[in-house]
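Structure first, commentary second.
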Amino acid sequence: MSYLAFEGATKKNKPSINNGDVVYAKIVTASKDMEPELVCVDAYGKKAGLGQLTGGGFLFSVPLHLVRKLLSPDSILLKKLGQTLKFEIAIGMNGRIWARANEPKETICIANAIWAAEHMTNNEIKPMVDRLSDALAGF
């Protein structure tokens, strides 16, 4: 990934990205004959939510069909979780999900809810999230 793919980056002003850092980017060009080009800015040169994901969090992988399910307008999992927990989440179409909440136990709860909801319907997700909320309240 080019250092110039970040907002405000120049040859003199490079972002401080190290190996192992989590970066939320989008693909600009992809071809079987060329190396893909990733950027962390929108069409106007602003970061618009893209870039390095800082402040901890948990990165995990899920099957691609689960990513499509989470990003579907019909999915209620993230809405239900958002009613009881404050969290940030970045869902990539490559099957990677980054989540961060106020407490580590809440972050783990979010990841477990996502994994558990893989083969559940929306009607099954509602009571599952309620049980997770009750379990978190008991800690």
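Within the set GLY56, GLY92, the sole residue that is at pLDDT below 85 and of a type in the set (Gly, Ala, Ser) turns out to be GLY56. Hey, among the residues in region 18-32 that are β-branched (Val, Ile, Thr) and out of contact with any Phe, Trp or Tyr (no Cβ under 8 Å at 6 or more places or on another chain), which one's most open to solvent (accessible area, probe 1.4 Å)? Ranking the qualifying residues of region 18-32, first place goes to ILE27.
Taken together, the residues in region 93-110 that are within 17 Å of LEU64 (Cβ to Cβ) and open to solvent by less than 60 Å² (accessible area, probe 1.4 Å) amount to 3. Residues in region 58-77 that are closer than 17 Å to ALA99 by Cβ, open to solvent by 80 Å² or more (accessible area, probe 1.4 Å) and assigned to a helix (DSSP H, G or I): LEU71 alone. Name every residue in region 40-57 that is in contact (Cβ under 8 Å) with a residue 40 or more places away in the chain and either in a helix (DSSP H, G or I) or open to solvent by 80 Å² or more (accessible area, probe 1.4 Å) (or both), in order of residue number. Within region 40-57, LYS47 is the sole residue that qualifies.
Taking region 78-127 as the range and being in contact (Cβ under 8 Å) with a residue 60 or more places away in the chain, among the small types (Gly, Ala, Ser) and in a strand (DSSP E or B) as the test, only ALA90 passes.
The values are calculated or read from the model by the stated rules, or taken from the named source; none is laboratory data. In this text, all values refer to a predicted model and were calculated from it rather than measured experimentally. Cβ atoms come from the backbone with ideal geometry, glycine included; neighbour counts cover every protein chain shown. These accessible areas exclude ligands, DNA and RNA; they are computed on the full protein's heavy atoms, side chains included. Shrake-Rupley method; radii C 1.70, N 1.55, O 1.52, S 1.80 Å.
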